[in-house]
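Readers should treat all values here as calculations from the given coordinates under stated rules, not as data from a laboratory. Nothing here was measured: the structure is a model prediction, and the numbers come from that model. Because the Cβ atoms are built from the backbone with ideal geometry, glycine has one as well, and the counts that use them run over all protein chains shown.
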Amino acid sequence: MFDGTSTGTLFGVIRTPVRCAAVADCRGGARMGDPTFGVLGSLQVRVDGVPVRLGGAKPRAVLATLLLQPGGFVSLDLLTEVLWPGGAPRSAVANVRTYVRTLRRALSMAGAATDRLRTKPAGYALDIGPGDLDMLLFEQRLDRARTVRDQGDDAAALRAYEAALGLWRGGVLQDVPASVVWDPAVTRLEGLRSAAVDECLEVRLRLGDHAPVIAGLRSRLHDDPLREDLWRMLVHALHDSGRTAEARAAYAEAERIIAAELGIEPSEPLRAMGEQVNGYAGRRRSPAPAPVCQLPMDVPDFTGRADEVAEHERLLSTAGRQPVVAVLSGPPGSGKTTLAVHVAHRVRAAFPDGQLFVDLGGTSDRPREPADVLGEMLRGLGVIDSAVPGEPVERAALLRSRLAQRRFLIVLDDAVGSAQVRPLLPGTGGSAVLVSSRRRMPGLPAHHSALGVMRRDDARALFGAVVGPDRLHAEAADVDRVLAACGSLPLAVRIAGARLANRPGWSVGTLADFLHDERGRLDQLRTGELEVRASAELSYRHLPGPAARVFRAFGRLADDAVAGWAVAVATGHADEAARALETLLDEHLVEVVGEDRLGQQRYRMHDLLRCYARELAEAEGHETRVRRQLRVVEALIGLARSANAAMPTRFLGVLGEPAPVTGPASGIADRVRALPVEWFESERRILVAAVDSATRLGRVLLAADLAIELAGFFDMRGYYGDWLRTHQLVLDAMPDPSDARAAALLRNLGQLHLYQDRYAEALASFDRSREIFAGLGHGSGEAVAALGAGSVYRVVGDLDAALAAFTDALDGFGEAGDRHGEAVARNAIASVWLERKDPETAAGWLDGALELARDLGDRHREAQVRRRIAVLYELRGEPGVARAELERALGIFDDLADTHCAAYVQQSIGELCLRQGDAGQASALLVGALAVQQQLGDRRAEARVACLLGELHHATGRKQTARRYFHRSLSTWRRLDARDQAALVDAKLKSLR
C-alpha cells in the first residue's frame, strides 16, 4: 500500500470545501520553465502559467500518485494497484511505462524539463520542490501561520492562514477517479486543511472579525454538527458580536443535537460558554432504580455542583478491569459528604453488587483505625465474624480478594489521611472508591479533585430550595447580600436559608443585616446541629502549633489574597510560616489563588474561616494583635521605599529615604527592587488597607509615611480613588497637620485636585504645603509645592503668576542641589513661553531640561520634555518633526506603562493630525484618549477631546455624531463652571442647526 505518512500525520477526511480567505495563486515559488503542479482541487499542471494537457485518465492517475509522494519512490506494484484496483492485466507493467512516457512527452512538448521524473528499478520518483507543488507549498505556509500565531501576532497569522488556504481549489484530486491507495495521503491533507480552517477561524475570532467567523462556522457545522469546539466558537462569536439571542439559540441547538445523537450533555467548555451567555445548567436524567445499599439518604434538595457531579459520575463509571479511586477534598462546610453521597446514589446502578459507606471520623478526637474499618467492611461483604482475620494485613488481603471479581461502590467519608485509606482499597476488579476528606492526600493512588465554594448561581439556587422560590425572586438584592456574607459556602448558605425558613416574620433583608457585621456573623450561622463555627473548629484543633499561629494571623491580615512573605511578617517567623502555609493548604484552610507579578504565590482564606480566625486572634490579647499589625505596616513602608528608589519614573514629591529591609520581608526585597511597579500593583489593596489599619490603631505617623510612599504609584497608574482616600484619611487623623509629613500629603493632594480640575482646592493645598515647608526650612519641598501652584496658574491662564512660581521653584531646586527638580522647573518655564507663542525663548529652557533629563537617566521626564518640544516645532511650522517628537514620547510612556501620560500624548498626536487634515487617524487617536481620560476622571481633558471630535465629524459631514460629541463637551464644561469654554462649544452646536 502507498505510505501517505511520509510528510505528516494522518487526519480524518473532511470532504466539504471550506475556506477562510480568498483563493490565492497556487504557483508560489515556481521557477520559470519548470512545471507547477496542483493536487488541491483538480489535477493541474502548468508551465509558465499555461495549462499542460496530460492525455487520458491513466497517465493522470500515475502523475497523481507520484505527486502524493513527492520525491519518494513509487513502485510499479503500487501504480498497478491504483490503475487496476479490480485486478491488473498481464501487460500492466508495460502499460505503466507507456503512461510514464506519455507524461514525459506532454511535459516536454510544453517546454518543461523532464529530468526530474526519474526511472528507478521497479518504480519511479518525481523530484519536486515546495514551490512547485501546491500541496507542499500549503504545508509550508501552514507551518508559517502556526509559528506566527504561537508568537502572538494574530494579524500576521491571519494573512498566513489565508495564503495557505487560498491554494485550495476544491477536494484533493477531485477530477481524478479515487483510489484506496491514496486514502491515507488524502485523509492527511484534508485533515490539515480542516485544522487550518479551524485555526484560521479562531484567529479571526480573537481579532473580532465576527461576520466571516459566524458564516464559516455555520458552514462547518452543517457538515459536522457534533463538533463541540465549533459550537463553542459559534456561541462565542455570536455573543461577542452582540447577537445574544442568536448565541442562546445556537447553544440550545447544540445541546439538543448532542443529546439526540450521543445521549450526553455538552462537554464542560461548551457548557461554560452556554452558562456565560444565559446561565444555562444542563439537566440530567435520574439514574435507574438501584438495590438497597449502605448509602445514607441523598439530600432531597441537592442543588448545583453540576460539573463536579458529572466529573465524578464519569470517573467512577470507568471502573472495569481495574478499580477506580477518587478523592474529593475541600474546606470545612464545602459539602464534600453531601456531594459524595449524591454522586454515589447517581452511579449505584453501575455497581450491582452493592454499595458500602464508612465514616472514618477524620475530624473527631479519635479517627478510626484501618483494622476496625476493615472488619466492618468485611462484614458488609457477608463475611461472618468468626471468619474475619485478626491481623490488619490479613483483613486487607481478604477485602481485596472479596472485591476482585465484583463491582462494589465504596464511599469512605471524612478520611484523616492516606495511611488510613490505603489498606481499604481494592487491588483488582471493577469496584470504585470515593473518598472525602478535608485534607489533600497526594500520596494516594487516586484521581484527586478539590471542592471549593459554590458558584453564585448554584448558591442562589440552594438558598431558594431552602426558603422557597417566591422569597428568592421577591427580595433578589437582599439574597445577594446574604450569599456574599456566606461566601457561597454550602453549609453557610443552607444554615442561613434554614434560619430564615424557620422565622416567617423575618425578611431576607433582616437576615442580611444580621450577617453584615463580621464579628457576629458566625453566631448567626447556626441552626439545630448545623454550625459554621463548629465545622471550622474541627479542622483548627488538629493543627500543629505553627500552623495554628498562621491560621490566627489571617484573622488580622487584609481581606485579600496575601503573599507568603506578608504571613511571615505577621507571625515573625519566615521558615515556620512557609511550612505552616503548606499545612493549611493540605487542610484546605487556605487556598492558592495564583501568582502575583513577582512570581509569589498568593493565599486566601475563606471569609467565614477568617471570621473564626479573627475570633481566635481576639483572644490573643490587644498587645499581640497590635504588634502583629504594626510589623506588617512597618515592613510595607520599608518595601515601598525600596520600590520607589527603583521606580522607572521619579515622582515629583517628598518621599522617605530607603533603608535596608530586615526581618522576614528581607527575602522579597531584591525582587521588589527589580520589579517595583509590579510589586506596587500586586500589593495595592494590601497597602491601602494598611494605611487604614495604622490610622485606626492611632499610629498616624506610620500611616502618613506609607500614604506618602504610595502617591507616586497612584499618580503613575491613575488610581485617584485610592490616592484621595489614603491622603485625606491620614490628614483628617493628624492632630496638628503642620509637619513635613502633612506638607507632603497636602502637596500630593494638590496634584490630585489639579488632575481632576478642582483648581481652587489644588491651589489651596499647594499654598498651604509651600507655607509649611518654608516654615520648616525644607527648600526642596517648598520648590515642589511652588511648581504645583505654577501649574494651576498656567492652566487657568495666569501666565505671569505661573512664570513667577516656576522661577521660584527653579531657584529652590538649585539651592537644594536637586537636578531632577531643575529639569522639571525648566520644562515648566518653557511651557509658559510656548503658551505665549514664543518658541525661541522656550527653546533654551527646553534644551536645558532635555539635557538634565538625559544626564539623570530619567526617561519619564525626557518624554515630558519632548511633548513640549513637539509644541515648539509645530509653532515653527514643522509638523513632521513635531509628530516624530510626540511618537518618541508616546513610546517612552508605553514602555513605562504610564497610561495617564500616554493618553495626553495620544491626544496631542490626534490634535496634530486633525490640524494637518488627517481626519481618520485623528479620530482613532482622539477616541482612544477620550476613553482613558474618562476612566481617569480628567474632565477638562475629556471636554476638550469631545469638542475636537465634534469638530472633526462636523468637518467630515457626520453632523449627528458631531452633535453628540459637542453635547458631551458642553455638559462637561458646564459641570466645571468653565463658562467661556462652554460658550464656544454652544456656538458650535448652534451652527449645526
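Couple of notes before you dig in:
- Whole-Å semi-axes of the stretch 545-735's equivalent ellipsoid (Cα gyration tensor): 27, 19, 14
- Rg then Dmax, both in Å and based on the Cα atoms of the chain: 37.4, 115.
- Sequence-distant lysines (8 or more away, or on other chains) whose Cα lies within less than 28 Å of LYS58: LYS120
- Taking 0.36 nm per residue of separation and subtracting the current Cα-Cα distance, fully stretching the chain between LEU799 and THR98 would add 242.7 nm.
- Paramagnetic label zone (point 7 Å from Cα along Cα-to-C-beta, ARG533; backbone N under 18 Å) in the stretch 598-620: 607-620
- Take the Cα of ASP224, step 7 Å toward its Cβ, do the same at ALA931, and the gap between the two points is 3.4 nm.
- Modelled spin labels at ASP77 and MET109, positioned 7 Å past Cα toward Cβ, are 3.5 nm from each other.
- In sequence order, the stretch 234-240 has phi-based couplings of 5, 4, 4, 5, 4, 5, 5 Hz under the Karplus curve 6.51 cos²θ - 1.76 cosθ + 1.60, θ = phi - 60°, and Gly or Pro positions carry x.
- Summed side-chain charge close to TRP506 - residues other than TRP506 whose Cβ falls under 14 Å, Lys, Arg +1, Asp, Glu -1: +1
- Protection-proxy order for peptides 951-958, 39-46, 742-749, each taking the mean of Cβ atoms within 10 Å per residue, highest first: 742-749, 39-46, 951-958
- FRET efficiency for VAL592 and HIS622, using Cβ-Cβ distance with R0 set to 25 Å, rounded to 0.05: 0.20
- Proximity of backbone amide H atoms, modeled 1.01 Å from N, is registered between GLY354 and LEU409 at under 5 Å, excluding neighbours fewer than 5 places apart on the same chain.
- Backbone amide hydrogens, once placed in the peptide plane, bring LEU451 within less than 5 Å of SER329, GLY330, excluding anything fewer than 5 places away on its chain.
- Global geometry of the stretch 456-536, whether rounded, prolate or oblate, following the gyration tensor of its Cα atoms and the 1.5 cut on a/c: rounded
- Separation of the stretch 445-462 from the stretch 546-570 is 25 Å, based on Cα centroids.
- Rounded if a/c under 1.5, otherwise prolate or oblate - the stretch 864-936, Cα gyration tensor axes: oblate
- Residue order, fewest to most beta carbons within 10 Å, for HIS345, HIS210: HIS210, HIS345
- Beta bridges assigned by DSSP with both partners in the chain are antiparallel in approximately 45 percent of cases.
- In a DSSP loop and with at most 10 other Cβ atoms within 10 Å, the trypsin sites (Lys or Arg not before Pro) in the stretch 53-158 are ARG53, ARG90.
- The stretch 463-501 and the stretch 979-993 have Cα centres lying 54 Å from one another.
- Likely footprinting exposure, VAL626, VAL325, fewest C-beta neighbours within 10 Å first: VAL626, VAL325
- Per-pair calculated FRET efficiency, R0 = 56 Å: ALA387 and THR244 via Cβ, rounded to 0.05: 0.30
- Distance from the stretch 300-374 to the stretch 618-679 (C-alpha centre basis), Å: 47 Å
- Förster-model FRET efficiency, 56 Å R0, ALA477 and ASP48, C-beta, rounded to 0.05: 0.15
- At most 10 other Cβ within 10 Å, DSSP loop - trypsin sites (Lys or Arg not before Pro), the stretch 293-384: ARG321
- Estimated vicinal HN-Hα couplings, Hz - the stretch 580-597 in sequence order (Karplus 6.51, -1.76, 1.60; Gly, Pro = x): 5, 5, 4, 5, 5, 5, 4, 8, 6, 8, 9, 9, 7, 10, x, 10, 8, 6
- Once backbone amide H atoms are built at 1.01 Å from N, SER436 has LEU328, LEU412, ASP413, ASP414, ALA415 as its partners under 5 Å, excluding neighbours fewer than 5 places away on the same chain.
- Expected 222 nm ellipticity per residue - DSSP helices of 4 or more, -39500 (n - 2.57), all of the chain, to 500: -20000 deg cm²/dmol
- Cα gyration tensor, the stretch 337-413 - rounded (a/c under 1.5), prolate or oblate: oblate
- Coupling constants for the stretch 336-347 follow from the phi torsions by the Karplus curve (6.51 cos²θ - 1.76 cosθ + 1.60, θ = phi - 60°), and in residue order they are 5, 5, 4, 5, 4, 5, 4, 5, 4, 5, 6, 9 Hz; glycine and proline get x.
- Signed unit charges on C-beta, dipole axis of the stretch 545-735, positive-most listed residue PRO735, SER666, GLY698: PRO735
- Within the straight-line cut-off of under 18 Å between alpha carbons, the lysines reachable from LYS959 are LYS988, LYS990, sequence neighbours fewer than 8 places apart in one chain being disregarded.
- Cβ crowding within 10 Å ranks TYR755, TYR965 as TYR755, TYR965, fewest other Cβ atoms first.
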